[in-house]
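The values are calculated or read from the model by the stated rules, or taken from the named source; none is laboratory data. In this text, all values refer to a predicted model and were calculated from it rather than measured experimentally. Reconstructed Cβ throughout: ideal geometry from the backbone, glycine too, with neighbour counts over all protein chains shown. Accessible surface is based on the protein model in full, side chains and every heavy atom, while ligands, DNA and RNA are left aside. Shrake-Rupley method; radii C 1.70, N 1.55, O 1.52, S 1.80 Å.
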Amino acid sequence: MSNESGFEDPLPADSRSASVPGTRAVVIGAGIAGLVAARELAHAGMAVTVIEASGQVGGAVAAHEVGGLVLDAGAESYATRSPVFAELAEALGLGEQLTEPNPAGAWLYHPEIKNPDHAVPLPKQALLGIPGDLDEPSLREVLGGPGLLRAKLDMNLPKGVGAKAASLADLVRARMGQTVLDRLVAPIAGGVYSVSPEELDPEAVIPGIRASIREHGSLSAAIRAMRGPGARPGSAVGGVRGGVFQIARALRTELEDLGVEILLDTPVEAVHLEPQEQQAGHAGGKDTKNNPVGRGAAETWRVSTALAQLPAERLVIAADAVSAVQLLTPHLAEAEEFADIAEQRRELTLVTLLVDMPELDAAPRGTGVLIAAQEATIRAKALTHSTVKWSWLAEEEGPGTHVLRLSYPERDAASVPQALADASTVLGLEITEQDVVDADQLTWASAVSPALLGQRAKLAELRAAVSASHPGRLAVTGAWLAGNGLAAVIADAQGQARKLV
């Protein structure tokens, strides 16, 4: 079974192996992937230590305070197409806090939209901007007459058109035309993946899309079918009342209750592999990437930090991509394929504004705005009107006070003055420094996405090498392997950890 990023889903809960009490396990990295993996191992009876280089758990699932409000500093929603986030939240006691966003949906800002605001609501029935209902009234305003007529050709084209398209861009262009690609798919794909749809693998971002086209006869029909009957308008996401960051805090609390040791501010310097007979004083094999020690035999990992050497019979590497590749390379030749991953790392800067502005009570652009890259005067790629998107936040603050969150693909493009200018343009209201109660700015780094063309095959080779070289002893997980979004990361971490049980 595949999750939304195309990788293996975890086994059903009732298919877990028997517990293995007394086994020592080390998890490197205390982001969501590391915490979830540690939870799986601890529930199996292992003695688990989690090692984290930074001073906090959760990675990008974090909190910050703006004007006395505790808000999500990174991820603020999760995909509901998979049940794994909700199931984990329920298990951690957060089930009653799960919530849905305002169904009003987001808007699109594009310079070629021919109205004074250059903005219209996004299609209600769509995936990554690909419309499932080509008769939706807003599409004529977004696409123009000729663009809409070209899009509707999709319903009459042979099923095979676009079937061999390599990229998401090629698929949309072949079925619905360039205007749909430029005005709908590119802004949304850029907002979600921070890359052009020309670089995205369609099966990685919408698994099963080619088969659905063959079954239903057109791209629009395939999108409708994949969204399912009765789907809510807009993106299929959910949130947590009080903030998604609570999932990381709840995981830490449960791990500590289970006796898991969590070492913060503890960078890992190296990972060594020792055959058990070598530890007992007997001759051992070589510990090299060309002849890995313990292939199929008993072996023990030794995790080196500045303060200690930690032995482990099971090892999970859930660190960021750069750190993970550095730790893996001495043990797996396949990891060398990712030697340049640090150079491919991208940054996303978030500027959060807390403003006192009753004019925003009317929610002029719904839950937020995605901004086309062709708009050169605006540096942000998206704006989230958080107090419209999440009712719990609006209730907490009351009328007149609003949280706006703008995302920037480049750190040097972001600042509070730039955010005010961008928000004023896309919301159609002048927002000045006098309206700002408080503001904060954070930058997050992310590795190259598994959804990029060719990336899934490379990652599959790496995963296969891990399984073949150190079966039942080593697992690697994290967003750089699992894909975009919390649901994908949680599912992958669960599945990888259960292979060690």
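Label-to-label distance, Arg345 versus Ala333, with points set 7 angstrom from Cα along the beta-carbon direction: 2.8 nm. Separation of region 392-463 and region 93-135, taken as the distance between their Cα centroids, equals 17 angstrom. Under a model in which nothing but the beta-carbon of Lys, Arg (+1) and Asp, Glu (-1) is charged, region 18-139 shows a dipole of about 460 debye around its Cα centre. Working from label points 7 Å from Cα in the Cα-to-Cβ sense, the Val161 to Glu269 distance is 6.3 nm. As a ratio to 2.2 N^0.38 Å, the alpha-carbon radius of gyration computed for the chain takes the value 1.02. Rounded to the nearest 20 debye, the dipole size of the chain about its Cα centre is 1820 debye, using +1 on the Cβ of Lys and Arg and -1 on the Cβ of Asp and Glu. Between Glu461 and Ala211, the modelled labels are 2.6 nm apart [label points 7 Å from Cα along Cα→Cβ]. Measuring r between the beta carbons of Asp257 and Gln56 and using R0 = 25 Å, the FRET efficiency lands at 0.85. Taking a ≥ b ≥ c as the square roots of the eigenvalues of the Cα gyration tensor, region 79-189 is classed as oblate, since a/c reaches at least 1.5 and a/b does not exceed b/c.
Residues whose amide H comes within less than 5 Å of that of Val437, counting only those at least five positions distant or on another chain, are Leu354, Val355, Asp356 (H built at 1.01 Å from N in the peptide plane).
Note on region 78-118: with neighbouring protein chains present and a 1.4 Å probe, carbon and sulfur make up 50 percent of its accessible heavy-atom surface.
Can you give the accessible area per residue of the chain, in Å², using a 1.4 Å probe? Intermediate values should be presented prior to the final figure.
On the way: 20400 Å² over 501 residues.
Ligands and nucleic acids excluded, the figure is 41 Å² per residue.
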